[in-house]
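Take a look at the structure set out below.
Derivation of every value follows stated rules applied to the coordinates shown; laboratory data play no part. Quantities reported herein were computed from a predicted structural model and do not represent experimental measurements. Every residue, glycine as well, gets a Cβ built from its backbone with ideal geometry; the counts of neighbours run over all protein chains shown.
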Amino acid sequence: MRAPAQPSKPSSLRVELGPADNARRALLAAAIVGAPALWLGARAQPAPARIATPAQTEGPFYPVRLPQDADHDLLQNGTLRYGRGQPAWVDGTVTDLDGKPLRGAQVEIWQCDENGHYHHPGDGDRADAAFQGFGRVAVGDDGRYRFRTIRPVPYSGRTPHIHVKVKLGGRELLTTQLYVAGDPGNARDGLWRRLPEAARDAVTVPFERGADGLRARFPIVVAA
């Protein structure tokens, strides 16, 4: 009888890697080991530094006497309702340079009416009695504030703007002005023109149409 065939043993061939193969393996191993560190390093990068909202002049028309009605709604002064101009919401947040809400702060705004007049003796007190002209609100715990007013209008020598002031306790932290993005009067306005480009961007915002009128978002960053 013929002896049964023995199963063949697997070959023990040895594949020699060349210098190029070894280099590729080393690069792949380094990439695998280093990838988590690179990913964590990207996540650990600090957030871009916030730019403080630039200060601007208070102007001559800050109220001599604050109105009895000085809430967020400038379109109603006592029992009178203001129906002129383009109604607009102006809202945003007040934060410090680290992005933390400035709890306890107050935001004030004041502006002229649709005819370009302020409630101020320096302007002959000619503003429409129905237009409140000045408002003050306390920011929420999240730093948010909101006003109901009109899209600002130009008057002699000035592009449309809204005056803004931020207070905390007895301190005035910031006085500035808010401008309308794309308004042709900006380029002719001396105060707006003198601002560096980054500062202009910080105080110039679009008034965009929404369901209940225009809306302008104006984030305020204070170096508190």
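Could you rank the peptides 146-154, 214-222, 56-64 by their average count of other C-beta atoms within 10 Å per residue, with the highest value first?
The most tightly packed comes first, giving 146-154, 214-222, 56-64.
Give me a comma-separated list of calculated 3J(HN,Hα) values for region 147-156, in order, Karplus coefficients 6.51, -1.76, 1.60 applied at θ = phi - 60°, integers in Hz, x for any Gly or Pro.
10, 10, 8, 10, 4, x, 10, x, 9, 3
Shape of region 51-205 from its Cα gyration tensor (a ≥ b ≥ c, root eigenvalues): rounded if a/c is under 1.5, otherwise prolate when a/b > b/c, or oblate?
The shape class here is oblate.
Which whole-Hz ³J(HN,Hα) couplings does region 185-191 yield from phi under the Karplus relation 6.51 cos²θ - 1.76 cosθ + 1.60, θ = phi - 60°, glycine and proline marked x?
Per residue, the Karplus-derived 3J(HN,Hα) values read x, 4, 5, 9, 8, x, 5 Hz.
Enumerate the calculated ³J(HN,Hα) couplings along region 198-203 in order (Karplus 6.51 cos²θ - 1.76 cosθ + 1.60, θ = phi - 60°), each rounded to whole Hz, writing x wherever the residue is Gly or Pro.
Each residue's phi maps through the Karplus curve to give 5, 5, 4, 4, 6, 10 Hz.
Lys167: net charge of surrounding residues, Cβ under 11 Å, Lys/Arg +1, Asp/Glu -1, itself excluded? Before the final figure, lay out each step's value.
On the way: positive: Arg136, Lys165, Arg171; negative: Glu108, Glu172.
After counting each charged neighbour, the total is +1.
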